[in-house]
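Below is one structure, written out as structure tokens, with a few remarks after it.
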Amino acid sequence: MTDKAKDDNVHLLDVIQFENISGKGVKGKIHHMTAILGTPRLMEEQQVEISPEMRKKIEELQKKGNSVSVLAIDGSIAGLVAAFDALKKSSVEVIKRFMDEGVEVYMFTGDNQNTADIVAKEAGIKHAKGSLLPDDKLKGIKDLQESGKKVIMVGDGINDAPALTQADVGIAMGTGTDVAIQSSEITLIKGDLVGVHKAFKLSKAMLRNIKQNLLFAFLYNVIGIPIAAGLLYPSFGILMSPMIAAAAMSLSSVSVILNSLRLNTVKLD
């Protein structure tokens, strides 16, 4: 937005006493004026009156899927900022893949419930909660965990940081804020949900591979150790020479390595 202003030769004014009001908006002073930009809830908390006509306009914009911020100057409404973030086709496809694989998808957003419902319907998400503050998102994650679910949280904003930390696995978009990246275990370079599904599939394949490797190692030791120790010699006359024992142990390591290399063949698309 600032780049566009510079391209249009719009002079940017200095802001002092800047304040980020978590999950609601921002506040600061421009020259002698106090400017507030944020949600209708923030306007109520700052005792800025919103007329019935303005509220109706806000609701109309929200029902079209817009995220609406209200701009107030010195306690009076100066305008509205409506932003529409179109869903990527790939995101809808990824959500469908997750649901087809039996993964429940929830949407926690700071946008109003009208916008949340519209986006959820377009994306095919059954569980959508809007108008959430950072603490609300955190509580939502805790509630899911307390019900026995393992939670993967995907976020990119400052308001997502507490929930990303609480989740069993936090995934941040590389295009998001530094706070979100620092609060997560995984950071995707691209801001695309396709990467989330790839990480999910790769993690499942890796876990399966680890279990297979443990099984290989267990079988080699269960079979090899008694023979090498001579426990079967009195009854069956079976005894393993040191050279064969060494070869068997090497073969055990080779089997684990070769099985691990199979991860390179996993199809993530």
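See the values below:
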item	result
Dimensions (Å) - the chain, Cα atoms, principal axes, largest first	96, 37, 32
Accessible-area value, L37, 1.4 Å probe, nucleic acids and ligands omitted, Å²	60
Solvent-accessible surface ranking, highest first, for V222, V48 at 1.4 angstrom	V222, V48
Extension reserve of the S147-D85 stretch, reckoned as 0.36 nm per residue once the Cα distance is removed	19.1 nm
Rg and Dmax of segment 1-47, Cα atoms only, in Å	12.6, 36
Amide H contacts under 5 Å for T187, placed H, 5+ residues apart	A172
Linear extension gain, K4 paired with K56, 0.36 nm per residue minus alpha-carbon span	15.7 nm
Carbon/sulfur fraction of accessible area - the chain, other protein chains in place, 1.4 Å, %	59
Whole-number accessible area per residue in Å² for segment 54-151, which is evaluated in the context of all protein chains at 1.4 Å	59
Candidate lysines - alpha carbon under 22 Å from K204, same-chain residues fewer than 8 apart omitted	K96, K149, K150, K190, K267
Cα gyration tensor category, rounded, prolate or oblate, for segment 94-151 with a/c compared to 1.5	oblate
FRET efficiency for E45 and H11, using Cβ-Cβ distance with R0 set to 30 Å, rounded to 0.05	0.45
In sequence order, calculated HN-Hα J values of segment 39-45 (Karplus, 6.51, -1.76, 1.60; Hz; x Gly/Pro)	6, x, 4, 5, 4, 5, 5
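The values are calculated or read from the model by the stated rules, or taken from the named source; none is laboratory data. Small disclaimer: the values here were computed from a predicted structure and weren't measured. Every residue, glycine among them, receives a Cβ derived from its backbone with ideal geometry; neighbour counts consider all protein chains shown. The accessibility values were calculated without ligands, DNA or RNA, using every heavy atom of the protein model including side chains. Shrake-Rupley method; radii C 1.70, N 1.55, O 1.52, S 1.80 Å.
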